[in-house]
Each structure stands twice: as C-alpha cells, then as structure tokens.
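Any read-out appearing in this document is the output of simple, stated calculations on the displayed coordinates, not a laboratory observation. Here the structure is a predicted model, which means the values were calculated and not measured. Note that we place each Cβ from the backbone using ideal geometry, even for glycine, and neighbour counts take in every protein chain shown.
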C-alpha cells in the first residue's frame, strides 16, 4: 500500500531541510516570515474602503511595530492598538529572538570550528608532532626548554630563533587543552604551541600542519589497546608513506623525520617507506637496553634519569668545535671548564660513527661532533686556554687494563608483562650464554607469551627464561621463594591496561604487596637485592620513589630521546653505543679498583686516575641524604659533571661514575640455594 504524506508533513520536512543548510538560509526564512507577518499586519489595519490605496504605508507601519517596540504607544484607536500589540509580541519572537538565536548559534559553531584546529597553519621551519600520547607533553617540554639547542638547530636551516611547534591531535577537545594549560612548562608558553585536529595518515591533515615545510617531524608511536599487534608500527609507517607522497607531489625536499617504533624489526620497512632523512627510536628496545644496563651496573638508572631528563642536572650535548681539531682527546677535554668531554661522532661515508671514551691519545679531526655532558648548551663551549689547575702533566697516560665483566648466572625476576619484555630478553641474551637467568611472572597465559616471543624470533630454552603464570599482586610462598633466589627484581609497567594511571596503580599495588618479602634479610655473602620499578606517570614517582632504590619513568625518557634526536641526529648513535653490549658504557668504579683508599680527593686527581685507564671521569656517587643528589635514591647522592676544583671526602663504599670501554669482573658467584 502506497503511503500518503500530509501537506503539513511535507511543509515541515522542506523547512527542516532548508534550515539545516546553514545560517544564510535560516536568515532568509526568517526574513520571509517577517515580511509575511508585516504584510498581514498591514492588511489588518488597512481601511475597508481603501481599495488597495495606502497598502505600502500600512505594511511599513506594521514592519516598524514588528521590529521596534518603541512605536507601541503612538497608535490611536482600539483596533490599531490590538494589531500593534500583536505585531510587537511577534517581533520579540520572530525578529529579535530568532535572529539572535541564529547569529549566536552561527558564532558558537564558528568558534568551535576554530577551536577544533581545522585551519591550515602558515609556517616554515617549525617542529611538527604527529599524535597525542603520554610522550607528547614531555616532548613539548623538552623542545621548549632546549632554547639554545633549538636556536642552533634552526640557525643551520636559516630559520628563526624560537621553537614553533604544531601538534596534530586525532580529536582536539577541552581535556587536551586543559592538560596543556595546567602543565608547568608548556602552560606559560602555550602560545608557542599550535594544536590541529587530524590524522597523520590523511594527506589533507598533513597539509593542515604544513609538514612538508617543517624543520623536523616527530612521530611518537600511537598508544594501542591490544599489545602484541603491529598496528601501532603500521600506523607510523602509513604516516611516512603519506608524508613521502605529499613531499614528492609538491616537489619539495624531504623534511627530517624522527619516528618511534614499538618493534625494531620494522625499521627496514620504515626506511623504505620514506625517502628522506629518517631516525628511528625503538621504544621497547631502548627501555630494554636501559634495564639491562642497570642490571649490569646497580644504580645506573640514577645516571640516565639525569642525562635523559630535561629538568634534572646535566644532559648530553652534541656540538661542533673545529678549533680543537688536531688536539688529543686529553688536551681537548681540559678546554671545557663546565662540561665533560666524552668522545666524538665522526661522519664516515655518510654514516655517523661514535668514538666514546676513545683514550687520551685519540686525535680530534675537523668536522667531528663532540659529545659533551653539561648543564646548559652554553656550558658546552670550550675556553681558549685549559682551565686553571690543569697545568701539570699526567703521571702516566698508558691505559691500565681492567678485568673483564662477567655477570654469569645472575638471576632476574621480571614481574608483569609488556612488549618491552622481549626487548629486555634480547638485550640480556646479547651479553652471552648464561650471563642472566630470567623468570617472567604474569597473569598473561604462557602460550600467549611464547607466541609473542616467537614472532620476534625469540625461542629461549627454559634454563635461560622460565615462565610462571600467576598474579604477582597476590603471590604466596612461591613468590617468596622466587624473590629469595633472585639477584634483580624488575616491576614492568603493563601495557595491557587502558591508561598509564591504571598500569601504575597495579605496579605500585604489586610492589607494596611484596615489599615485606623484598626487604627480608639476604643470606650471608649474597649481594643486596636490586629493585627496579618502571612507571608510566611521573607524578606517581612521589608515591613510591621513597620506598624503592630505582625508578624508571619510560615516557619521560622516550620523549627526551625523541626530542634530542630531532635536534641532533648524532645523538641516536651515541645512545646505541652506550646502551648495547660491547663498545662504550657508563659504569661505576669502587675506589679499590683504582687502587685508592678512602680520603680527600680533588676533581683533577680523580680525572687523572680515570684517564690513566682510558676512561672518562663523569662524577661521584656518595652515601648522603636524598636531598643532596638530584635524581638519587634515599641515601645516595649522585653528582655528575662536577665543578672543576671540587673536592670530596670519599669513603670505601662511595663510587666513581665513569665512561669506559673496559668493564670489570664482579666477585665470583656465590653458591646457589635452590630451596
């Protein structure tokens, strides 16, 4: 049966379709209704014998009463007053109310459209951050705080002097704006950060942030809901393809791009997707390497928390100073009064080759990029003459070999699962067979874990990596036995939860539930149990930081690396050299390893002792109150890049932080009690 529509339904539908077309159509409809009411009002007061004469004046009279209430008291006669009152009331609704509503609605929609960030930016030589993750705000902090590094970077491109940052957000909302306003670094400088809505995969959205004309494009890995899948890396590679296609279509040179990948095996695909300069930071690999290094050198997290955090102490700087070409490493090091020279990065056949802790006789060449630890960019500049107190020659410059590192059979207990665990296992395995024995405890089924390891070509025998399926937040006697057997306990921040706050809450609850077991006295001659806790939110460090020795805030470290690699490409190879097996590394030395006893030591003496062994003296770590050391645990004070002329009263348990290419051998492993 054919359905018939009424006239009123048809009229209502046509009016609706007209009104939703925009404010201009709405205004036309209101104008037509006002004209119709004015015509009806004019006819109502037109004399019956007028025969149409005076209609124009009557309609004008009605229009004035409709649009201006001030005429209401000027009329004579009851009928005209009734019509005038009706027209005035209709004017309040039609002319004033409807017109104001339409204009207000249009203005609000326009403001919301502008706030959504859909207008293309008009910028060149700016920084583009594609995506909003838990690394974005720390990344913005790093770019805004690196004033001199940004200025130096932009000067090489002939650009401006200030960091102009454009961030592309999937959906810009009030929550993101409030997060920026509340940040203590980004908030006061929010005018320097432009937010735009869109996806990096969409070419039109890339034009919205002028990515083709950017000085550097930074792509943090998207946060994924289902760990183990490659969706995050696939999205990053799609962004590279979209940007590459847009650049080629525009005929412009490729901008420099820094990307974060979850899995290092996708790096080759990413380099094929983008034809321009590209640096890749593998987040899981970087965190896994840092954790492995911390197991080799207890307390090392305090060093890289300072070096890889923008607001704590000293940082790593890469600078060119060709005036030092031809000098030896030892001679060049004494030109820096407020910085520590750690090595150089040399460009060879288009590749960056790091030479860290190269030895005192290493010759600097023109074009070398110097690797320095300093508090500010300005401090990383050499003086014309060696600093005072560096005049006397070294006693002996020949390197004294130290014993080789051999962490055989160190037992590692990993509590929790994330996609960083395979990277940690890979890094621990790179130190040789039998160096570490790992036990992974998680509520994730063992079959799922093994499948994820096999996808990354990790098929580890049980004697190397054991898996236990359990919720470590409610672990009983078995947990106490496993902790008693372990040398290292690592609390992993789970990436199976929706937010970093939830992951941290679970990590903290797990630590507190095991704290009594962790603090049990160790058997005689057993080294202290090393505990490392990974968190996602830096605000949670204050909740647990006073209770554990070492805490790692992964998003802060990753954002710092992304920002600094964007400003200095050479930093990528420096970090690879420092945090992988072989080559240079940061380590701690006991005084007896330098054949020194407790006593008063000056900077120059300790620097000389390190140089004699082809090492670089970085600073000291002493037992002290937590307030004395920046980034230190309670009872330990770390002082990196100390002032020249500084002296310390060092005890036997104090340690020297050095950069070395020779690692030490720890005491022989004690007998194991399997019970």
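Overview of values
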| item | result |
| --- | --- |
| FRET E, pair residue 155, residue 383, Förster distance 22 Å, beta-carbon r, rounded to 0.05 | 0.50 |
| Global form of segment 496-575, assessed from the alpha-carbon gyration tensor, a/c cut-off 1.5 | oblate |
| Separation of the residue 24 and residue 177 label points, Cα + 7 Å toward Cβ, nm | 2.7 |
| Relative contact order (%) - segment 410-554, alpha-carbon pairs under 8 angstrom, separation at least six | 25 |
| Efficiency of FRET from Cβ geometry, residue 271 and residue 366, R₀ 30 Å, rounded to 0.05 | 0.55 |
| 436, 13 arranged by Cβ crowding within 10 Å, fewest neighbours leading | 13, 436 |
| Within the chain, helix-based [θ] at 222 nm, where runs of 4 or more DSSP H residues each add -39,500 (n - 2.57), nearest 500 | -11500 deg cm²/dmol |
| Three-way shape call for segment 410-554 based on the alpha-carbon gyration tensor, with the a/c threshold at 1.5 | oblate |
| With Cα atoms, 0 to 90° folded angle of helix 7-19 axis to the chain main axis | 50 |
| Fully extended contour minus Cα-Cα distance, from residue 322 to residue 451, at 0.36 nm per residue | 41.3 nm |
| Distance (nanometres) between label positions extended 7 Å along Cα→Cβ at residue 56 and residue 468 | 10.0 |
| Sequence of 474, 126, 184, 321 once ranked by neighbouring C-beta atoms within 10 Å, starting from the fewest | 184, 474, 321, 126 |
| Nitroxide proxy distance, nm - points 7 Å out along Cα→Cβ at residue 207 and residue 33 | 3.9 |
| Label of the coordinate-derived value, Cα Rg over 2.2 N^0.38 Å, listed as [x] 0.98; [y] 1.32; [z] 1.02 | [y] |
| Degrees between helix 78-91 axis and first principal axis of the chain (Cα, 0 to 90, nearest 10) | 20 |
| Cβ-based exposure ranking for 102, 553, 165, in which fewest neighbours within 10 Å come first | 102, 165, 553 |
| R0 of 30 Å, Cβ-Cβ distance residue 14-residue 111: FRET efficiency to nearest 0.05 | 0.50 |
| The chain, relative contact order in percent, only Cα pairs under 8 angstrom and at least six apart counted | 12 |
| On Cα atoms only, tilt of 554-567 relative to the major axis of the chain in degrees | 90 |
| Segment 162-261: C-alpha gyration tensor shape, a/c 1.5 cut-off, then a/b vs b/c | oblate |
